[in-house]
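The values are calculated or read from the model by the stated rules, or taken from the named source; none is laboratory data. As the structure is a prediction and not an experimental result, all values here were calculated from the model. All Cβ positions, glycine included, derive from the backbone under ideal geometry; neighbour counts span all protein chains shown.
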Amino acid sequence: MRLRLVLASAFALILPASGYAADAPSFAGKTMKIVIPYGPGGTYDKYGQTFAAHFGEHVPGKPSVIVQHMPGAGGVKAMNWAFNVMPKDGLNMIVPLDNAVVNQLMRPEKMRYDARKFQWIGASNQTNIVMAVRADSGVLSWKDLKGKALIASSSGQDTSFITCNLANGLLGARIKVVSGYKGSSTAMFAIEQGETQMATYNWLAWGSKVPHWFTGDKPFARAVLQIGVWRDPDVDQSVPMLSELVSSAEDKAVVAFIGSLGALGRGLALPPGASAELVTMLRASYDSMNGDAKFAANLKKRKLRLIPSKGADIQKIVIAAVDNATPAVVARASKMIYGK
């Protein structure tokens, strides 16, 4: 018994409070780099800059952390680079695209990566795609989508284009999508001006740009549908998930890979080939950062949400979304969304 106590005490001494082994790699005196797949100013940049300010404090050796913007092809340039070129030493990471799975399945000819093989470290936000409709359109719930011809705004083949057409195919909605607006902000302005009646963007966009639309006894707009893996805590809990409204296995698989957008949120990923030891250590470091009050306060100051997700959980969601999306499922989604 005495020997077991001595050994237990000795073992406890070699485990730091953060939970990773004492012989884990130390990045003392080194510089970590976070690649952001868009230019400065957006939420990818804001989250990435906040990660850079705090992540190093939770990594063994407390390295300095910098960011590198790599815009191009809607973020695809950075994702392809990270998968094929990024060093696998743990010092280089990317803020991955939330539409990584959707891009891979729907546009495989341009995606030179496999989302399942990225090493997902963790995320600090999950934000569902939310369908919002002007209150004066007469739409009170998703059920009213079937009986009314509505006009939606989108900035090309974005989430609004994808999910509005998906609602047409899965729910029998009658939505006409007008594309060509320069980003979600102008698409939302079109709703305010009366050019269109609705759009479908992530709740982070709605909540940060037009939160006043959804408040008061007579709101300007209503959320009628959300798409994701989990319910968004900031969306009225009476707003249904699209996954709850479809029944066939094929339709559920379509919704699952589109819904992966929300789960990926804003976080960090390593390229494939990074060692299991590095992945374990950096996941523990990321979880520690998510639990840091200073990190939470900085996000709040920047008007960003903190909804933590563990890297291992995200990894499972990504693998399942890709594996369950058979060629037949992807073809069904493509026909509904793109008409081909």
(request) Sort out which residues of the stretch 317-340 are more than 13 Å from K252 (Cα to Cα), small (G, A, S) and not in a helix (DSSP H, G or I), and write them in order of number. (result) G339
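Conditions tested, residue by residue: (1) under 23 Å from K335 (Cα atoms); (2) at pLDDT 95 or above.
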residue: G147; (1), (2): yes, no
residue: L150; (1), (2): yes, yes
residue: S154; (1), (2): yes, no
residue: S160; (1), (2): yes, no
residue: I175; (1), (2): yes, yes
residue: S185; (1), (2): no, no
residue: Q193; (1), (2): no, yes
(request) Those residues that are within 17 Å of K33 (Cα to Cα) and in a helix (DSSP H, G or I), I need them from the stretch 263-293; list them, please. (result) L278, V279, M281, L282, R283, S285, Y286, M289
(request) Look through A100, A53 and report the one residue that is assigned by TED's automatic domain parsing to the domain that holds A276 and surrounded by fewer than 22 Cβ atoms within 10 Å (Cβ to Cβ). (result) A53
(request) List the strands (runs of 3 or more DSSP E) that sit entirely inside the stretch 82-172 and contain at least 3 residues that are of a type outside the set (S, T, N, Q) and touching a strand residue (DSSP E or B) at 6+ places or on another chain (Cβ under 6 Å). (result) 119-123, 129-134, 149-153
(request) Just give me the residues in the stretch 178-224 being among the aromatic types (F, W, Y), surrounded by fewer than 21 Cβ atoms within 10 Å (Cβ to Cβ) and not in a helix (DSSP H, G or I), in sequence order. (result) F220
(request) Working only within the stretch 287-331, note down all residues that are in contact with a helix residue (DSSP H, G or I) (Cβ under 6 Å, 6 or more places away or on another chain) and among the hydroxyl-bearing types (S, T, Y). (result) S288
(request) With the condition kept exactly as written, say whether any residue in the stretch 57-78 is basic (K, R) and under 23 Å from the mean Cα position of the chain (by Cα). (result) yes
(message) Taking the conditions exactly as written (free of Cβ contacts under 8 Å to residues at least 60 places away in the same chain, closer than 25 Å to Q104 by Cα and of a type in the set (D, E)), does E250 satisfy them or not?
(response) no
(request) Specify which of the listed residues (I175, I151, I162) is within 18 Å of the chain's Cα centre (by Cα) and either surrounded by fewer than 16 Cβ atoms within 10 Å (Cβ to Cβ) or hydrophobic (A, V, I, L, M, F, W, C) (or both). (result) I162
